[in-house]
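*Asks:* The structure that follows is given in the form of structure tokens.
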Amino acid sequence: MNGTTDNVFDVVIMGAGPVGQTVAGRVRAAELKVAVVEQELVGGDCAYWGCIPSKAILWPVVALADTCRVDGARDAVSGPLNAVRVFGRRDRYVANWDDDGRAHRVKEIGAELFRGHARLDGARRVTVATPDDQVVVLEARRAVVVCTGSRAAIPDIPGIGAAHAWTNREATESSAVPERLAVIGGGPQGVEMATAWHGLGASVTLLEPEGRLLHRMELFAGELVAEALGRAGVEVRTGVSVGELQRRQPSGVRRGRTGGDQPGQRTTTVGLGCDGARPVW
Ligand SMILES: Cc1cc2nc3c(=O)[nH]c(=O)nc-3n(C[C@H](O)[C@H](O)[C@H](O)COP(=O)(O)OP(=O)(O)OC[C@H]3O[C@@H](n4cnc5c(N)ncnc54)[C@H](O)[C@@H]3O)c2cc1C
């Protein structure tokens, strides 16, 4: 491991997601010297496992549904979505998870990009553990900006580890359509993913612990979405407490309230048809 303190900047930014990139742009606009450190892909979750791939798989589903609602246009629809081509479209939108273009744009604005894991190591001091096992020390004259984003929070449901549940990563990067899918959580992302994967051919059950979908939004929004999902064929269950997850043979996930099949408790088997296809939340 080598150490160097040659790298002195006005601002050091940890994380090159949308926030880190925006900060870098603002700092450069003020003609300050800036370093950006990224441990994975420049662009962050939004570009590769969030906004962009989710909309890329959602949009064909929405476009088809819209077309089928329009008299005259509906007659031009001759078959289901082509999932392989939808995934191909998604792959183009995420540049096949290659960040060369985005990294180039960071450098183009005059920021210096460092690859590796950044760690706060004192006042205005960041150490970067690089992929080739070096340690680079970055000093900031003015500020270190922490833009490290977030990770999926895995709910504490018994059996969730063994069930190999999807997070937003698998839900946006999978190129296999599961036969059945349990989506746990009816917030914006759960609703989007339920819509997308149902449209791509999965039989989807959407489970929401609160009494309604999109419970942080206006009442009518959740009601409209629940109605539309139900009409499309998604099984929507609200007020459901998921007590346990079990993967069943040959492949499937069993869920139920704590205590199993007692009166007032239900257990549902959610079979999954593709290898590696698991429930999402
Ligand atoms: C399925 C899904 C759909 C979404 N759709 C939308 C949408 O339509 N519209 C919208 O506005 N938002 C959407 N979001 C939310 C959006 O993706 C996030 O709000 C956004 O990515 C947050 O940006 P960020 O820069 O804070 O974090 P991130 O995008 O998470 O970026 C943080 C970066 O920091 C890096 N990093 C972390 N720790 C370190 C470290 N120690 N050293 C170096 N680098 C580090 C990470 O590798 C990552 O690249 C969606 C999210 C999901 C999951």
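*Asks:* Could you please find all residues in the range 125-155 being under 24 Å from the mean Cα position of the chain (by Cα) and in contact (Cβ under 8 Å) with a residue 60 or more places away in the chain?
*Replies:* 145, 146, 147, 148, 149, 150, 155
*Asks:* What is the number of the single condition among (1) more than 30 Å from residue 145 (Cβ to Cβ); (2) at pLDDT 95 or above that residue 114 does not meet?
*Replies:* Among (1) more than 30 Å from residue 145 (Cβ to Cβ); (2) at pLDDT 95 or above, residue 114 violates only (1).
*Asks:* Also, I was wondering about something else. Across the range 194-236, what is the total count of residues that are over 16 Å from residue 57 (Cα atoms), assigned to a loop (DSSP other than H, G, I, E, B) and not hydrophobic (A, V, I, L, M, F, W, C)?
*Replies:* 8
*Asks:* Another question, then. Of the residues 161, 122, which is exposed (fewer than 14 other Cβ atoms within 10 Å of the Cβ), farther than 24 Å from residue 49 by Cα and without any contact (Cβ under 8 Å) to a residue 40 or more places away in the chain?
*Replies:* On inspection, the qualifying residue turns out to be 122.
*Asks:* What are the residues in the range 59-111 that are acidic (Asp, Glu) and closer than 30 Å to residue 32 by Cβ, if any?
*Replies:* 98, 99, 100, 108 - these are the residues of the range 59-111 that are acidic (Asp, Glu) and closer than 30 Å to residue 32 by Cβ.
*Asks:* Taking the residues in the range 30-85 that are acidic (Asp, Glu) and loosely packed, with under 14 Cβ neighbours inside 10 Å as candidates, determine which candidate is nearest to the ligand (Cβ to nearest atom).
*Replies:* Ranking the candidates gives 66 first.
*Asks:* Hey, can you tell me all the residues within the range 120-161 that are of a type outside the set (A, V, I, L, M), more than 16 Å from residue 9 (Cβ to Cβ) and within 9 Å of the ligand (Cβ to nearest atom)?
*Replies:* 148, 149, 150, 151
*Asks:* Can I ask one more? Specify which of the listed residues (177, 191) is part of a loop (DSSP other than H, G, I, E, B) and under 20 Å from the mean Cα position of the chain (by Cα).
*Replies:* After applying the criteria, what remains is 177.
*Asks:* Quick one: in the range 18-29, which of the residues that are more than 6 Å from the ligand (Cβ to nearest atom) and of a type in the set (Val, Ile, Thr) is farthest from residue 140 (Cα to Cα)?
*Replies:* Selected residue: 22.
The values are calculated or read from the model by the stated rules, or taken from the named source; none is laboratory data. The structure presented is a predicted model; accordingly, all values stated were derived computationally and were not measured. Here Cβ is always computed from backbone atoms with ideal geometry, including for glycine, and neighbour counts include all displayed protein chains.
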